[in-house]
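Below you'll find the structure, written out as structure tokens, and then a few comments.
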Amino acid sequence: MQKAGLLPSVCSQAWRSLRMASSGMSRPHPLANKVALVTASTDGIGLAIARRLAQDGAHVVVSSRKQQNVDRAVATLQEEGLSVTGTVCHVGKAEDRERLVATLWMEKANEESIKELLRIKRIGKPEECAGIVSFLCSEDASYISGETMVVAGGASSRL
């Protein structure tokens, strides 16, 4: 009977460890002495990822196509006491950027139909993607290889 009582305790400890690692709570600076170059990182998910990596101890280089966006993001993150620099950088092809802009899926008119289609209650926040990226960059994930991690709020995903 005593062995059966150990299982919930062990599972609880494992879950707590995983949550702490993914939220950055396990160690104060798991990315200390690392440099992270984050493209398209002056807004949205990219900015959230840059912030989280810097909070976890990395020196972060943010980038964007426009200098004013880089300057704004660097100033914002440095005001938070984070180690950040930035540079202008064009990434990708023109036709890819145009196709991305022509997709507008985050418009409020489409948001409800997307939530219904994906059977989710809300659209995720950029910060909800940042924790897993930081975890995967840390030594805590050094033994992970060849995995696909879906941050989709429970929506099904296919690759």
Problem - Positions within region 48-75 being open to solvent by 50 Å² or more (accessible area, probe 1.4 Å) and without any contact (Cβ under 8 Å) to a residue 12 or more places away in the chain, in sequence order - result: GLN68
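May I ask you to list the residues in region 121-143 that are in a helix (DSSP H, G or I), over 16 Å from ILE49 (Cα atoms) and open to solvent by 30 Å² or more (accessible area, probe 1.4 Å)?
The answer is GLU139, ASP140.
The values are calculated or read from the model by the stated rules, or taken from the named source; none is laboratory data. Since this is a predicted model, take the numbers as computed values, not measurements. Backbone-built Cβ (ideal geometry, glycine too); neighbour counts: all protein chains shown. Heads up: the accessible areas ignore ligands, DNA and RNA and are worked out on the full protein's heavy atoms, side chains in. Shrake-Rupley method; radii C 1.70, N 1.55, O 1.52, S 1.80 Å.
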